[in-house]
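Derivation of every value follows stated rules applied to the coordinates shown; laboratory data play no part. Quantities reported herein were computed from a predicted structural model and do not represent experimental measurements. Note: ideal-geometry Cβ built from the backbone for every residue, glycine included; neighbour counts use all protein chains shown.
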Amino acid sequence: MKHVLACVVAASVLSACGGGGSSSGSVVNPPTTAPFAKYVGDWQDVCQFHHRETITVATLTASATSATLSDRIDYYDNADCSGALVATGVFSKPIATLQYVTTENNATVHLQSGQSLTGAVDRGTATASDATVSFSGSGVTSSVVNGKTVWHIAYSGGGTDIQIINVLGANPGGLFLASGQLYIVTAEGGSTNTFDASAPLSH
């Protein structure tokens, strides 16, 4: 099971997709236009074996130099995400806050498909929250293992178990638009202009 979530909150927000090193959280040379404004709204992942995620981007200030990322996880009865909706996972708060640092206008972004794109990445420092997830629906049961809730999702032909463990911290990351699709990106090593991308998200 590979969620967009793995590139957003697991292992200190965005760091699970790559990256490393540290980055200042202060705003450096903000542009005249609000950098995160163009990303605001709901963005949906492709179907990935019974489930898809929806990431919601919202800005926190009029200057749109800080933004929150919220996540919803939907499970469907059929592997192609058709049929009945059997489970919905909702987090208690936004899973991450992204503080703008600068725009890398000629960044290289490596996609999961193996393709590389060049374009403008709005780079920032991503900080994980301690959000917890709760699932509801006809296919949902849960148990407690070592003091942690494990969610059991049943669907046609099988099921899956989910346990979300947040690792709090801050890491360099950013947002990137290409062909109308949003990518959540993380820096490769200590680079400021080469990034690894999440799966594409569409409106």
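The label point for Ser113 and the one for Leu177, both projected 7 Å from the Cα toward the Cβ, are 1.9 nm apart. Summarising the label geometry, the points placed 7 Å from Cα in the beta-carbon direction at Lys148 and Ala62 lie 4.3 nm from one another. With the biggest extent put first, the Cα atoms of the stretch 96-203 measure 47, 31, 23 Å across the principal axes.
In whole Å, what three semi-axes, largest first, describe the equivalent ellipsoid of the stretch 4-202 built from its Cα gyration tensor (square root of 5 times each eigenvalue)? Mind showing how you got there, number by number?
On the way: eigenvalues 183, 63, 45 Å².
Output for the stretch 4-202: semi-axes of 30, 18, 15 Å.
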